[in-house]
Amino acid sequence: MTKVVIVGAGVAGINAATKLVDNNFKGKITIIDMGKDPYNRLPEEVMTGMLGAGGWSDGKLTYHTSIGGQLSKYCGDEKAMELMDQVINNFKRFHPKPEEVQCSNPVTEPDFIKPYFGLRLFPVWHVGTDYLHEIGKNWYNYLVNNGVEFIWETKVTDINFKRKEVIFNYFSEAGYAFKSYDNLIFGVGKSGIDFGKQLAERYELPTEPKSVQIGVRFEAPQKHFQKLIDVSYDFKLYRKYDDKGVSLRSFCTNNNAAYVAAEHTYGDISYNGHAKKDPSYRNDMTNFGILMEIRGIDKPFDWSRAAVEKLQHEGVDLFYSPSQRVPSKTSEGDYVKTHVVNSMDLLWEAIGDYASYIYEFIEDMEKVFPTLGKDWGIYMPEVKYLSPEPLVNYEDLSLTRFPNVHFVGDALSARGITVSGAQGTYVAEALLKIKQEYPEFIENIEF
């Protein structure tokens, strides 16, 4: 029997398993994750567990090949869109109220933006954050009922690519165990990127360096941005400084019932955001990341880690508001954990003169949105850790040196739910094709 082990129960791994199950895959599928199943996972446990970070707290599915990573590079635009369709259909399929899933598709860039920013326009499917937990339960039940084995609250500590073994320990029990595989899908998400980096270094995998992705989470009353929200709910403002190797974009915009959330990664805190659909959560706030991509940094992963560490204060990160706004409350009713500072000086200390680009971005927003003024606050930092991306075979996202190991999601520099899920689906399709064409191939091959 063919054994497929999936490390990470995020959207990449879950969509891969679903594609296999839907096509009557006869092998054994095992999914290992550090977090909890959707019945026991708490709302604030954002980073690990069923459907990962995005599928637990962000109900927006971007629908374009230019957003979220390099999916088209591997399979072409037409196939990329087909794969994203499958991911979106899965969210609808397990949705308790699929009729409420809506797509926004802005087509015209407003003139008042043009003097200062570009505006990326693309379709976005709105699943609704309030429904994600029920979607997770329905999806989980489907996979379990079809024979998928889940191992929860378990950390994978090592993978032996040569012996085809995953080594792990149970958080709730002493000792280690291992599970052998014929094919491995490595979809660890943000919280496991450091682990992926360690594996790449140990096995001397050829990699492609990635850029630094760091910035702040911006928050202000929604009324200041309503004119733009009416055009594009999840607006993407951007600008480039090509001669400096720097570009900036607004990222993951949340409106109406918009909340800032702390993320715990590698022992440090950074910030993200999410929105609720239930009207009872409405707070008339808007938050979004101002994310800066910096090219040409030596060892960008290490540089980002060092910058984030400089912005920690007694176990929390920083909040600054020029108008002395206070940090907002979370969707659970507690104040966002942060340390209030009276200037952006510490951001300058952490990332140097690159902070000036964020400062200019905010200054120009004050011009574009005239009621905004100083009525805003920023949570420092927001960061997307992108370790060097292992080189993969385009037809199945397998490592060039280990063709039965497939990297997906954040481990392959995907950014967002739709692209991550599409990568998982793409790998599953390749495994199904191999199994159909060469039924004895996987069982007998040696690496």
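The values are calculated or read from the model by the stated rules, or taken from the named source; none is laboratory data. Note that this is a predicted model, so its numbers are computed, not measured. With ideal geometry, Cβ positions are generated from the backbone for all residues, glycine too; neighbour counts draw on all protein chains shown. To get the accessible areas, we keep the full protein, side chains included, count just its heavy atoms, and leave off ligands, DNA and RNA. Shrake-Rupley method; radii C 1.70, N 1.55, O 1.52, S 1.80 Å.
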So if I check each of VAL341, VAL316, VAL308, which one is surrounded by 13 or more Cβ atoms within 10 Å (Cβ to Cβ), at pLDDT 95 or above, in contact with a Ser or Thr (Cβ under 8 Å, 6 or more places away or on another chain) and among the hydrophobic types (A, V, I, L, M, F, W, C)?
VAL308
Could you please let me know if LYS26 is at pLDDT 90 or above, charged (D, E, K, R) and open to solvent by 20 Å² or more (accessible area, probe 1.4 Å)?
yes
May I ask you to list the residues in region 344-358 that are out of contact with any helix residue (DSSP H, G or I) (no Cβ under 8 Å at 6 or more places or on another chain) and open to solvent by 90 Å² or more (accessible area, probe 1.4 Å)?
ASP345, ASP353
Looking only at residues in region 277-305 that are of a type in the set (Phe, Trp, Tyr) and within 9 Å of VAL212 (Cα to Cα), which one is least open to solvent (accessible area, probe 1.4 Å)?
PHE301
Within region 45-52, is there a residue that is modelled with pLDDT of 90 or more and not in a loop (DSSP other than H, G, I, E, B)?
yes
Exactly one of ILE32, ILE6 is open to solvent by less than 10 Å² (accessible area, probe 1.4 Å), out of contact with any helix residue (DSSP H, G or I) (no Cβ under 6 Å at 6 or more places or on another chain) and either within 18 Å of TYR142 (Cα to Cα) or among the charged types (D, E, K, R) (or both), and that residue is ILE32
Scanning for something without any contact (Cβ under 8 Å) to a residue 24 or more places away in the chain and open to solvent by 10 Å² or more (accessible area, probe 1.4 Å), does region 215-234 turn up at least one residue?
yes
Would you check if ILE67 is among the aliphatic types (A, V, I, L, M), out of contact with any strand residue (DSSP E or B) (no Cβ under 7 Å at 6 or more places or on another chain) and under 27 Å from ASP230 (Cα atoms)?
yes
Might you let me know whether region 84-93 holds any residue that is open to solvent by less than 20 Å² (accessible area, probe 1.4 Å) and at pLDDT below 95?
no
Being within 26 Å of ALA261 (Cβ to Cβ) and touching a residue at least 40 places away in the same chain (Cβ under 8 Å) is the filter here, so list the residues in region 352-370 that pass it.
TYR354, TYR357, ILE358, PHE361, ILE362, MET365, PHE369
